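Notes follow the structure.
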Amino acid sequence: FPYTTLFRSNLGVLLDQGRGVAKDRAQAALWWRRAAEQGHASAQNNLAVMLSKGEGIQKDLAQAYFWASLASAGQNVKASQLREELAAQLSAAQRAQVSDKLKAWRPQVALDRPNRLGQDQASMQSHR
C-alpha cells in the first residue's frame, strides 16, 4: 500500500483509541474511510464495525455489509464473520444492491506526494 494509505489507517487507530491524540471516533471513521476507499482491508473492517454499531458515524447496516464484504475479500477473518452477521440483518433486496455496488467498486489511487499529506492534515483540522 502507498504510504498515505497506511498513514490514514494508522491515524484512524490512534484517533479511535485516543493514543497520543484526543479520542475522536468521528475522525477515526473519516480516516478509516479514506484508507478503505484505497483498498486497505483492515480499514475496511474497522469502518464496517463502526457503521454496524453507529459508533462515531451514523449506523448503516448496508454500508457496513459493503465494507465488510470488501475486507473479507481481502482475507480479513473478522470481516468475514461480521459480513455473515450483517447479512442476516439485511433483506435480500438490500444484499442485492450491495452486491451490485461491490461489482462496480474499484479502489481509489493514493498519491504519495508530500503536499498530499499536508492537504489531509488541513482537511482534518477543518472537520474539528
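The values are calculated or read from the model by the stated rules, or taken from the named source; none is laboratory data. Note that the structure is a prediction, hence the values are computed from the model and not measured. All Cβ positions, even for glycine, are placed from backbone atoms using ideal geometry, and neighbour counts span all protein chains on display. What goes into the accessible areas is simple: the full protein's heavy atoms, side chains included, and nothing from ligands, DNA or RNA. Shrake-Rupley method; radii C 1.70, N 1.55, O 1.52, S 1.80 Å.
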Some residue of segment 54-64 being out of contact with any Lys or Arg (no Cβ under 6 Å at 6 or more places or on another chain), in a loop (DSSP other than H, G, I, E, B) and within 20 Å of Gly74 (Cβ to Cβ): no
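Kindly establish whether Ala26 is surrounded by fewer than 22 Cβ atoms within 10 Å (Cβ to Cβ), touching a Leu at 6+ places or on another chain (Cβ under 9 Å) and touching a residue at least 24 places away in the same chain (Cβ under 8 Å).
yes
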Count of residues meeting criterion [hydrophobic (A, V, I, L, M, F, W, C) and open to solvent by less than 20 Å² (accessible area, probe 1.4 Å)] in segment 42-77: 10
Residue pairs meeting the criteria (Cβ under 7 Å; at least 6 apart or on separate chains; first closer than 10 Å to Leu90 by Cβ, in segment 56-67; second assigned to a loop (DSSP other than H, G, I, E, B) and open to solvent by less than 20 Å² (accessible area, probe 1.4 Å)): Leu61/Leu90; Ala62/Leu90; Tyr65/Leu90
Hits in segment 8-39 (condition: modelled with pLDDT of 90 or more, of a type in the set (D, E, K, R) and part of a helix (DSSP H, G or I)): Arg25, Arg33, Arg34, Glu37
Hits in segment 78-101 - residues which are part of a helix (DSSP H, G or I), open to solvent by 40 Å² or more (accessible area, probe 1.4 Å) and not acidic (Asp, Glu): Lys78, Ser80, Gln81, Arg83, Ala92, Ala93, Gln94, Arg95, Ala96, Gln97, Ser99, Lys101
